Each structure stands twice: as C-alpha cells, then as structure tokens.
Amino acid sequence: MKYFLNFTIAAIVMSGLCSQDLCARISVHDFKSSFSDGKTRRDITVFSNTTVAEIHDAISSKKDVSGETSIPKEIHVTIYDGGSTAFFNFIEKSPRLAKIRPYWLHLQDDKLQVIPDEIALIEKLHMLTIHTRKPLLEINPLIGNLQFLKSLDLPLSCRLPLPATLRKKIEDGFDSFSLSVSLGTAFFTDTKTVSINLTDGVARMRCDGCIGGFLKTKGEAASANIVGFLYHALPGSKTAHLNGVIDSLEDMLNGSDAAVICNGSVGAPEYDEVDELVYQMSKNNK
C-alpha cells in the first residue's frame, strides 16, 4: 500500500538543536513507496532565510525525521524568492554531492534573473523548471550541456532565444527531451511546423513539449509570433514566408493557453476567421 511521510523541519531542528520555532526555514517531505522498487522521493522547499548548512543537511541526510533510514531515489528542490543564493552557494561548496543530486529543480525565485554557472555542477539534473514572474535577463548556455536533462520548462515572461547548446536536444530529442517555452521564443513558419529561436539561429522543434503564451486575441498572438518569426531575419522574402506563418496560426490559435507538440507534430484546433489574422500579420510585418 502506498503511503507517505511528511515533515517540516525548522532551521534549528535541522542543526540538531531543540526549538519551538514555528517559522520553518526549510521544508522536507519524504514520500515513501513512491516508486515500484519501494524507494522514496524527497521534496525540499528552500525559502529566503534558509542557510547553506540546512540545505546540505536536507539533501545529504539518509534518515527521515523519525530516525528511520531513508535514502531517496530522487530529490526534488523548489526554491522561493531569495532562496537561490543559499542554494547555489551550497552547490559551489558541495560539488561532489551536487553531482548526483538533485533530480528536479524548480526555481520560483523572482529575485533570480540569471541562472548561475553553478548549474553545470548538478550533473544528474533531469528536470529544470523556471517559473519566475520577472523576465530572465539571459538563459545560461551551460544548461544545454547537462547530459541527463530531459525537461526544460521556461516562464511565459521569457521570450529570449535559447542557448545554441540546446540545439541537439530540441532537434533530436523526440521522446527523450521535453521543452516548454512561450510564443515568441517559439514561432510558426508553416502549417504544423514549430521553430525555436536559438542564439546562433533557428532550430526545428522535434522534441516533445508545449508552447504557451497564446493570448486571448488573434492580433496579440499574431504579434507575438511575428516577433519570433523576424528575430533572426530569416533568409528570403519575409512576405513569401508570411502565408506559411498565417496558415500555421490559422491551424494553431483558438484563444487556447498552449499548443502541445508530440514528437514534433503539433495538435491544436483551427481558427474560423482568417481575415483579421491576415490583417494583423501584415500590419506587424511592415
């Protein structure tokens, strides 16, 4: 029978001292029997006042709060506003531990606008989710060098080109890589063809994933698409490409929040009204 053990540990408890402090500075949950082999998953939440030592203890501990041996198969870390500094300091100071953990990193720190180079030390990172309300200033190219990374989820506020180091994963990933980006970073160039802006040019999106940021009017969606479309000033006549872009948007956009891409094939409803879309695309292409 599947069961799980949840516990929240205040910072002083993590250091082995007794305290009645009710304000937790780090949260740890061990989910037992999360996998078919009976091994556990550990979820760690880092806050603004979490220390490097607390993060180290939470990640390295082989026991749960009851004292039972609990070596997690996966460690998932979520970081809230202000917690990134301590976390990446931990990564820098404990590279051997960082090399194998965590499995999944979820950054919800609005104070973080640049992913530090220490991200490269998390060699076994499989999933990276960045959900910040403030736009990122850049996307660290070292992310693309993470060999085991199989999922990258970027915020809708980010319409930057992706690092060229991600090209192979995007074009050859198929079932082994999933990408979630916003319209603008991704754009449509012809029916059912999704392209991704990279720092060194354009890549065809053949991996699984999701494109979000579809706004509620065709004009807004067309504007976002044309920004992505013109980012690298594709060779050839932009007007010649325009009909293909319109065909794609006609197929894709219906006021939905996202289009889903499976193995490079796009699935979404069709538009009924094309005239307004043609007008908006033409207007934004001038």
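Values for this structure:
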quantity	calculated
Computed label-point distance, nm, for sites residue 220 and residue 138 using a 7 Å Cα→Cβ extension	3.1 nm
Sorted by Cβ density within 10 Å, fewest first, the residues 25, 206	206, 25
For residue 213, residues with placed amide H under 5 Å, excluding near neighbours	183
Restricting the stretch 54-132 to GluC sites (Glu not before Pro) in coil, as DSSP defines it, with at most 12 other Cβ within 10 Å	68
Distant-in-sequence amide H partners of residue 230 (H built 1.01 Å from N, under 5 Å)	none
Per-residue HN-Hα couplings for the stretch 105-111 [Karplus 6.51, -1.76, 1.60; θ = phi - 60°; Hz; x = Gly/Pro]	10, 10, 9, 10, 9, 5, 7
Environment charge of residue 107, counting only residues whose C-beta is closer than 13 Å and scoring Lys/Arg +1, Asp/Glu -1	-2
Sparsely packed trypsin sites (Lys or Arg not before Pro) within the stretch 35-127, loop by DSSP, other Cβ within 10 Å at most 11	62
Sites residue 168 and residue 89 - FRET efficiency at Förster radius 51 Å, r taken between beta-carbons, to 0.05	0.95
Whole-Hz ³J(HN,Hα) from phi, Karplus 6.51 cos²θ - 1.76 cosθ + 1.60, for the stretch 178-184, glycine and proline x	10, 10, 10, 9, 9, 4, x
Placed amide H near residue 70: partners under 5 Å, 5+ positions off or other chain	63, 64
Inter-probe distance in nm under a simple model that places probes 7 Å from Cα toward Cβ, at residue 117 and residue 176	2.8 nm
Taking 56, 106 and counting other C-beta atoms within 10 Å, the order from fewest to most	56, 106
Estimated FRET transfer efficiency when R0 is 51 angstrom, pair residue 227-residue 96 (beta carbons, to 0.05)	0.70
Distance (nanometres) between label positions extended 7 Å along Cα→Cβ at residue 124 and residue 49	3.3 nm
Cβ-based net charge around residue 146, under 15 Å, with every Lys or Arg adding one and every Asp or Glu removing one	+3
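Every read-out reported here was derived from the displayed coordinates using simple, explicitly stated rules and does not represent laboratory data. The model shown is predicted, which means the values in this text are computed figures rather than measured ones. Note that we place each Cβ from the backbone using ideal geometry, even for glycine, and neighbour counts take in every protein chain shown.
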